[in-house]
Amino acid sequence: MLACDADDGEFVPSTVAFDDIEEHFDRAYCERMFECQCEQGRWFESVGACEQSVRDQAEQLRAVPQGDGISYDPACVGARVDALDALGCATELDPAADDCASRCPIFHGERGVDEACSLDATNQYSDCAAGLSCNIQECDYDPVTGAETCTGSCTDPCAPQPGGGCGTCDQDSYCDWNIEECVPLPRVGDSCSNSGRCFGDAFCDASAVCVAQVELGGPCSGHRQCESGYCPAGSCAALPGRGDSCAGTNACADALACDFETQICVEADALICQWPSGLETYY
C-alpha cells in the first residue's frame, strides 16, 4: 500500500533505509508481480527468482563508494516503492500521473542546478544534489579499467519550464536550438518545421503544419494521424478488438495486447509482469 499519514489518511512519501531495500522491493515488486494476472508470462519464473534479482541489485548498490559528497537517498528509493504501489496491476500507465519523483538518482552529491557535474557511468551516480540529474555533455572511456566518466551540468528534471535552458523541456515544449531555450509546442495551424511535432493530439503533416487528427474513415499515412491511433491501409479504422488479428501491426484496442505467438488481440497483462527490475537507476 501507499504510505499514508496514520492520523488523517493523507499521502506521505515513503523512505527506504539502505538496509531495507530488499524488504520493500520484495513486497512492492516481486510479490505484486505474482499477484497480478500475467497470462503471457512473467519476467521471473518464481517469487524466489525475483527476490534473488532484487538482492543482486541491492548488493550492486551497496558497492557504490559513498563519501566525498556522495550519499544514498532514502526518499528517492521510497518514491520508487510508492510508484510501484500506485501502479498495482494496471495494464497501462496513467498519462496524467506525474512519476518524475520516482525517476530520481539513488545516490546524489551536493552540486546545485546549472553547476558542473561529473557522472560515474559505470556505477551510475553523479555528484548532483538530491532530485537533480547530470545532463551529460561529454564522456571519457578508460580502456584499461573499463571505467567511463562523463561531465555536464546539473538539471532539475521535475521542474521543466518553457524558457528554461535546453535539456529541461517538458512534454508540452521543445528545444529551439536557435535560442537554446524550451518553447511551447506549436498548435493546430502553426508551423512545425522547427519542432517536428505538435501540441496534444495534433500531428505535423507533410507541409510542416500542425493539423488535427483524422476521424474514422478519413485518409491517413500513419497511425499517429488518426484519432483511433490506427491506420492499417490508408484510412483511419478502429483498433482490433479481442480475438481480432493484430498481424503486421501489433496494434490492439485499449486493455488488450497482441499475442506474439498467435498474432491475436488478447487481454493485456499487468505492466509489472514484464518489468525486468524495480530498481532502475537514474542519474
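The values are calculated or read from the model by the stated rules, or taken from the named source; none is laboratory data. Please read all numbers here as calculations on a predicted model, not as lab measurements. Cβ sites come from the backbone with ideal geometry, for glycine too, and all protein chains shown count toward neighbours.
Worth a mention:
- The residue of segment 32-76 that is farthest from Cys128 (Cα to Cα), among those that are buried (at least 18 other Cβ atoms within 10 Å of the Cβ) and hydroxyl-bearing (Ser, Thr, Tyr), is Ser53.
- Restricted to segment 16-110, the set of helices (runs of 4 or more DSSP H) holding at least 3 residues that are within 30 Å of Cys252 (Cα to Cα) and without any contact (Cβ under 8 Å) to a residue 12 or more places away in the chain is empty.
- Here Cys273, Cys231 are screened, and the one residue that is surrounded by 14 or more Cβ atoms within 10 Å (Cβ to Cβ) and not in a loop (DSSP other than H, G, I, E, B) is Cys273.
- Residue within segment 229-236 that is closer than 30 Å to Ala79 by Cα and touching a Gly at 6+ places or on another chain (Cβ under 8 Å) present: no
- Subset tally (residues that are over 21 Å from Leu239 (Cα atoms), surrounded by 12 or more Cβ atoms within 10 Å (Cβ to Cβ) and under 26 Å from the mean Cα position of the chain (by Cα)) for segment 164-222: 26
- Flag if Leu84 is of a type in the set (A, V, I, L, M), modelled with pLDDT of 85 or more and more than 15 Å from the chain's Cα centre (by Cα): no
- Of everything in segment 248-268 that is aliphatic (A, V, I, L, M), part of a loop (DSSP other than H, G, I, E, B) and modelled with pLDDT under 90, the residue that is farthest from Glu92 (Cα to Cα) is Ala268.
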